[in-house]
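Step one of this worksheet: look at the structure below.
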């Protein structure tokens, strides 16, 4: 199993719906997780971080971490066409904490 | 304004040539990283550095070299030994005391081998 895994998508949702992006991880990463958004042809930007079990909300974004299931998700409420991007899940390696590992990313398309 | 500057944005190279990608930051960040991204794929770590004059190999360091002579600068050389260098290269940094994983990225350098 890779350290951080994501469904590549594409995931398509209608405008105004909730988009749910998922990430699973192995025991080889530490349990701090980061969600990045990357528009086509651009560099990634950090949008959410989560360090403890449960939910963390920031505007229309909610990150959820379930350590028992080794599962982290990002929910986007009231999806907008401007949310169409690739979403990358990242975590530090457990063996080398300074090494940040990214998942392959999930492509999201919000249909007007 | 503070940020990370990568240059050039676009670079074309002939096979067998070495090229150096520049990464400069004025954020006073200690840690710097180089990632490679191929179309439709995530980021793969090439090299990273936590302090001046020290750096570590990432997952795909073969065919690449780096230096960290100054805190602000972390150039990446793509050597002729790199078998498939055409890719999007991203430089990132993180702040001292910041939680590892909170990275700031430059705009990237797109390398094409002709």
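None of the figures in this text is laboratory data; all of them are computed from the coordinates on show. Quick caveat: nothing in here was measured; it's all calculated off a predicted structure. A quick note on method: Cβ atoms are made from the backbone with ideal geometry, for glycine too, and the neighbour counts reach across all protein chains shown.
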Response to the item:
To the nearest 0.05, the calculated FRET efficiency linking residue B:28 and residue A:71 through their beta-carbon distance, R0 being 41 Å, is 0.70
Discussion item. Between residue B:69 and residue A:26, what's the calculated FRET efficiency when r is the beta-carbon distance and R0 is 45 Å? Round to 0.05.
Written reply: 0.80
Discussion item. For chain A, report the % of Cα-Cα distances exceeding 19 Å.
Written reply: 40
Response to the item:
In cubic angstrom per residue, the convex hull of the protein assembly as shown built on its Cα atoms measures 127
Worksheet, complete the sentence: From the Cα centre of region B:1-47 to that of region A:43-64, the distance in Å is 26
Item to complete: Give the Kirkwood hydrodynamic radius (Å, one decimal) of region A:53-98, defined as one over the mean of 1/r across all pairs of different Cα atoms.
Response: 12.5
Worksheet, complete the sentence: The distance between the Cα centres of region A:65-112 and region B:51-89, in whole Å, is 26
Worksheet item: Taking the inverse of the average 1/r across all pairs of different Cα atoms in region B:33-114, what Kirkwood radius in Å do you get?
Response: 13.3
Practice prompt. Would you kindly state how much longer the chain becomes between residue A:58 and residue A:95 on full extension, computed as 0.36 nm times their sequence separation minus their alpha carbon distance, in nm to one decimal?
Written response: 10.3 nm
Practice prompt. Report the full-extension gain for the segment residue A:78 to residue A:39: residue separation times 0.36 nm, less the Cα-Cα distance, to one decimal in nm.
Written response: 12.2 nm
Worksheet entry | Gyration tensor over alpha-carbon atoms, region A:1-60, equivalent ellipsoid semi-axes in Å | 21, 16, 13
